[in-house]
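**Q** This is the structure I have questions about; it appears just below.
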Amino acid sequence: MLAVGALLHAKQLSRSPFEITTALIVPVVQATLAVYLFRAGGEPGRLLEAAVGAGLMGVWSSVLFGSGGAIQNQRWLGTLEMIMLAPRPPALVVLPITLATALTGTYAMVATLVWGRLLYGIPLDFARPLLFAVAVPGCILGLGMFGLLLASTFVLLRNANALTNTLEYPIWLVSGMLVPITALPAWTGPVAAVLPTTWGARAVREAATGSGPVWPSLGICLAISLACLALGALMMTHVERRARAAATLALA
Amino acid sequence: MSEHAIEAVGLRRTYRSRTGWLRPQRREVEAVRGVDLTVGNGELFGLLGPNGAGKTTTIKMLNTLLVPSGGSARICGYDVVTRTREVRRRIGYVFGGDRGLYDRLSARDNLRYFAELYGVPGREQRRRIGELLELVRLDGRDDDRVEGYSRGMRQRLHIARGLLHRPRVLFLDEPSIGVDPVAARELRQTVADLAATGTTVLLTTHYMAEADELCGRIAVIANGRIQALGTPAELRRHADGRRVLEVEAYGVTDRQLAAIRTLPGVREASMDVVGAAQVLGVQSDAGYDVQADVLRALDGVRLGRVTARQPTLEDAYVAIVNRVAEERPIEAVAA
Amino acid sequence: MTALLRLIGTGGVIAYRALFNWTTPAMFVGTLLVGPLFQLFFFAYLGRQLGVADDRFYIVGNAVLAASVACVFGGTMAVSNERRFGTLGHVLLSPRSRTAIFLGRALPYALNGLLIAVSTLTVSSLLLGLRIPVTALPGLLLMLAAAALACGFFGLTLGAIGLRFRDVWLVSNVAVALLLLLTGVNVPAAGLPAGLRAVGGVLPITHAAEGARRLVAGDGFGAAAPALAAELAIGLGYAILAAALLKLFETESRRQATLETV
């Protein structure tokens, strides 16, 4: 059921020329941005780190706009009410959507790296290639579950887009995808510590550069994500009830 | 001032569509294949036809939104292709359905915006908008957002918008579609009042009763051509020389129906199911009294009410459209 | 003449309210005020970390860039939402000048963009501790206004393109990405290949960001005037382009029914 759901949503996304072209162009732009910035900063040695960071940013954007946008799109298509009518726990219905967006996010990561290699000749020599291959899907899975928590709040909000558009940069910033957390003001530390994105990004970076053990970070990322999933599922059930009472399911 | 509000000569329109991307296939669809019509000033003219017959295409050519592929048309004497600005000053366009309004604005703001676009002088705007809101009975709700309006209210707002600049010619494209019977009756009253004040109205509709009640003359368009044109009474004559026999029955077989079709004097026979009963409709030449033959053919079938009546405009319309359909199958045409 | 001004002014404002999706307070604050601020912080910290350029470079540049979001997406919505509401046909039936109707629509977005740019610049300067010389303020405001206007017309051009080619958001998203990358706001122009730099030169923002940095650095208005002129010229260019495209597409649509007008 989950697999079928994720597959169908990925299909729906991949049918839209908009999604495809965005998915083609955005990684190029992000790779370029990261590369030029790191080059201009005189740190060509850290280009791989930059590319991986840019890829992670892509994954996050994909999850964020995917889960936020998915709910919004379903609302526009008029299918949200239909989905909610299905005799399944709503969390199980929405999770595939976020997993599908995480899958397209994986693509964003790969594309960023490939473009980085092709256009700018960034050497793709990972310190621990095997671990990297595990860490990326792990991290994406975690983000997908985090996405569910977001999506469940989006169902309730008519203006989910407002949150979506606002949440892109702060998460990039706070979870240290390109800028090390240590460079940020101290008060962001605790926020970063509870975000699964922080730990996921750290695990992936550690695997790519060999700067630390990967497993602890990945473990924490998945643990927090599981908590998010549980919370999200609870929230979905609650939100479904609220939404029925507040009549926000139908198109605003 | 031209003596005709609308003149069209040999109006044609083809749509080209391309399907396929790698190996594009061009398809040409002739939506309108030569329409001639003349509508006098102050006339209320009806354009009837099945879906896809070319009604909306014809209207869009007359109101300058589409350039005809052939033929020419003039509104109040101005050519619709070359003198668009003059034409647009003189026409209003209202179409059915609930799109075509800015949902987030109030009725008043919608009208204000279009008043600006349609060149209503600033001094007059406020008064004119007030008048129209009253005319379409939206005063009181005029500051609510349109997204909360019912279909009937939106439809009335459409009409108010179409009238803002006091057009000489008003195109009403299926205005009563999806409107409840009471609202539709009020709508007809509004249209009749307009025509009474001298506005020329070109109305398309699917509702025969509406056309019968309102229109001075009617054109039936099918397959991209005008098939019949005249007053409702004249059109009814297409079914003239015919009588309609309606028989309520229970358990008529297909063989019996086929047999009735072959009876002398019978032109058409059809069967509808209404509730538990079948209703057999037989159109016959007026010279024959087919009732006895029909009842004989239905021997053994339990019968209900039997009525003979004069044909209505709807019978005439069905006769005209069916005649065209028999001549050549109607292609799927973009509306 | 007053009638024309009414069409541009009043008409533009009503159209803004009718067609801009982001006028609800939540959307406005979230997407337009807070969003650019985070974007600015992101690049400012990244710049600090990498030592590419100082805070002034990023704060001023991103503040100018902040004006573009409302304009690019607003311009897109100003034209393409007509399709969503099914009102395009009724607008095209207007006997009045298309150029005035649509150019009037760009102005509220430009004003909106200016507001965002000013607020972003103010808040971020306070938070990150950037001092702007008081004498530079009038010139800076002028520069931001020029950038916002150029972006407004740029957005309208995108909207016109979006009118003809179905996927409107694609056009605007690509445009936003290009602005981010090529205007020299975040990547110093010197670091870009010549081809990309040339593209950046004809985009809005590029010259205004450059000029604004000079002003904040205390170079005086004289040093920034050429940049201001260049930005205004680019704005004018997009205004003409937008008007030409709208005219072209309308004519084409009447012939080939390409804009589903109803």
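**Q** Please report the antiparallel percentage of DSSP beta bridges with both residues in the range B:144-229, rounded to the nearest 5.
**A** Percentage antiparallel, nearest 5: 45.
**Q** Name the shape class, rounded, prolate or oblate, that the alpha-carbon gyration tensor gives for the range C:107-252, where a ≥ b ≥ c are the square roots of its eigenvalues, rounded holds for a/c under 1.5, and otherwise prolate holds if a/b is larger than b/c and oblate otherwise.
**A** Cα axes put the range C:107-252 in the prolate bin.
**Q** Give, as a single signed number, the net charge of other residues whose beta carbon lies under 9 Å from the beta carbon of B:Gly152, with Lys and Arg counted +1 and Asp and Glu -1.
**A** +1
**Q** Here's something else I'd like to know. Can you give the average number of partner chain beta-carbon atoms within 10 Å of each beta-carbon in peptide C:5-15, as a whole number? Walk me through the numbers on the way to the answer.
**A** Working: counts 1, 4, 4, 1, 1, 6, 6, 2, 2, 10, 5.
The per-residue average across the peptide is 4.
**Q** In addition: Between the alpha-carbon centers of the range A:164-193 and the range B:170-191, tell me the distance in whole angstrom.
**A** 59
**Q** Under the rule of at least 5 residues apart or a separate chain, name every residue whose amide H is placed under 5 Å from the amide H of C:Ser97.
**A** none
**Q** Return one number: the angle in degrees, 0 to 90 and rounded to the nearest 10, between the long axis of the Cα atoms of helix C:55-85 and the longest principal axis of the Cα atoms of chain C.
**A** Its long axis makes an angle of about 10 degrees.
**Q** Moving on to the next point. At a Förster radius of 45 Å, what calculated FRET efficiency corresponds to the Cβ-Cβ distance of B:Ala196 and B:Glu246, to the nearest 0.05?
**A** Result of the calculation: an efficiency of 0.80.
**Q** Based on DSSP, what percent of beta bridges with both residues in the range B:4-237 are antiparallel, to the nearest 5?
**A** 60
**Q** I would also like to ask the following. Based on alpha-carbon positions alone, could you give the equivalent ellipsoid semi-axes of chain C from the gyration tensor, as √(5λ), descending, whole Å?
**A** For chain C, the semi-axes come out at 33, 18, 17 Å.
**Q** Counting only other chains, what is the mean number of Cβ atoms within 10 angstrom of the Cβ of each residue in peptide B:109-122?
**A** 6
**Q** Right, next: Give me the percent relative contact order of chain B, please, defined on Cα pairs under 8 angstrom at least 6 residues apart.
**A** Worked out over chain B, it gives 20 percent.
**Q** Treat each spin label as a single point 7 Å out from the Cα along the C-beta direction, and report the A:Arg117 to B:Ser150 distance in nm.
**A** 6.5
**Q** Shifting gears a bit: Using Cα pairs closer than 8 Å and at least 6 residues apart in sequence, work out the relative contact order for the range B:241-310, in percent.
**A** Details: 125 pairs, mean separation 34.6, N = 70.
Reported relative contact order: 49 percent.
**Q** So what is the calculated 222 nm ellipticity per residue for chain C, using -39500 (n - 2.57) for each DSSP H run with n of 4 or more, over all residues, to the nearest 500 deg cm²/dmol?
**A** -26000 deg cm²/dmol
**Q** Once amide H atoms are built 1.01 Å from N in the peptide plane, which residues 5 or more positions from B:Val81, or in another chain, come under 5 Å H to H?
**A** B:Ala73
**Q** Which ³J(HN,Hα) values, rounded to whole Hz and listed in residue order, are derived for the range B:68-75 from phi using the Karplus coefficients 6.51, -1.76 and 1.60 in 6.51 cos²θ - 1.76 cosθ + 1.60 with θ = phi - 60°, glycine and proline given as x?
**A** Whole-Hz 3J(HN,Hα) from phi for the range B:68-75: x, 7, x, x, 8, 8, 10, 10.
**Q** For a quick protection proxy, order the peptides B:114-124, B:46-56 by their average other-Cβ count within 10 Å, most packed first.
**A** Output ranking for B:114-124, B:46-56: B:46-56, B:114-124.
**Q** Once you average over the residues of C:41-54, how many Cβ atoms of partner chains fall within 10 Å of each Cβ?
**A** Average neighbour count from other chains, rounded to a whole number: 6.
**Q** Oh, and also: With +1 on each Lys and Arg Cβ and -1 on each Asp and Glu Cβ, how big is the dipole of the range B:241-310 about its Cα centre, in debye rounded to the nearest 20?
**A** Using only the charged Cβ atoms, the result is roughly 60 debye.
**Q** Something else about it: Sorted by mean Cβ packing within 10 Å, highest first, what order do the peptides B:100-107, C:221-228, B:302-309 take? Walk me through the numbers before you get to the answer.
**A** Values: B:100-107: 21.4, C:221-228: 17.0, B:302-309: 11.9.
Put in order of decreasing packing, that is B:100-107, C:221-228, B:302-309.
**Q** Quick check: pseudo-label points 7 Å beyond the Cα along Cα→Cβ at C:Ala194 and B:Thr312, how many nm apart are they?
**A** So the two model labels end up 8.1 nm from each other.
**Q** Using a 10 angstrom cutoff on alpha carbons, build the Gaussian network for chain C and name the most mobile of C:Pro193, C:Pro204, C:Pro108.
**A** C:Pro193
**Q** Same structure again: Using the beta-carbon distance between B:Asn41 and B:Leu295 and R0 = 60 Å, what value does 1/(1 + (r/R0)^6) give for FRET efficiency, to the nearest 0.05? Could the numbers behind the result be given before it?
**A** On the way: r = 52 Å, r/R0 = 0.87.
E between B:Asn41 and B:Leu295, to the nearest 0.05, is 0.70.
**Q** Would you kindly compute the Cα radius of gyration of the range B:241-310 and its largest Cα-Cα separation (Dmax), both in Å?
**A** Calculated on Cα positions, Rg and Dmax stand at 11.0, 33 Å.
**Q** Further, regarding this structure: Nearest 10 degrees is fine. How inclined is helix B:313-327 to the longest principal axis of chain B, computing both from alpha carbons?
**A** 80
**Q** For helix C:168-182, what angle does its Cα long axis make with the longest principal axis of chain C, in degrees from 0 to 90 and rounded to 10?
**A** Result, in degrees: 20.
**Q** For a test of the definition: using alpha carbon positions, the gyration tensor, and the 1.5 limit on a/c, classify the range B:4-237 as rounded, prolate or oblate.
**A** Numbers: a/c = 1.56, a/b = 1.35, b/c = 1.16.
Prolate is the answer for the range B:4-237, as a/c is 1.5 or above and a/b outweighs b/c.
**Q** Now for a different question. 5 Å is the cut-off here: which amide hydrogens, built 1.01 Å from N in the peptide plane, fall below it relative to A:Ile122, excluding neighbours closer than 5 in sequence?
**A** Placed amide hydrogens put A:Arg117 under 5 Å from A:Ile122.
**Q** If we count every other residue with Cβ under 14 angstrom of C:Leu130's Cβ, Lys/Arg +1 and Asp/Glu -1, where does the sum land?
**A** Net local charge, C:Leu130 excluded: +2.
**Q** For the pair B:Ala233/A:Asp125, report the inter-label distance in nm, with labels modelled 7 Å from Cα in the Cβ direction.
**A** Distance between label points: 10.0 nm.
Computed from the coordinates by the stated procedures, all read-outs in this text should not be read as laboratory data. Model, not experiment: these values are computed from the prediction. For neighbour counting, all protein chains shown are included, and Cβ atoms are generated from backbone atoms with ideal geometry for every residue, glycine included.
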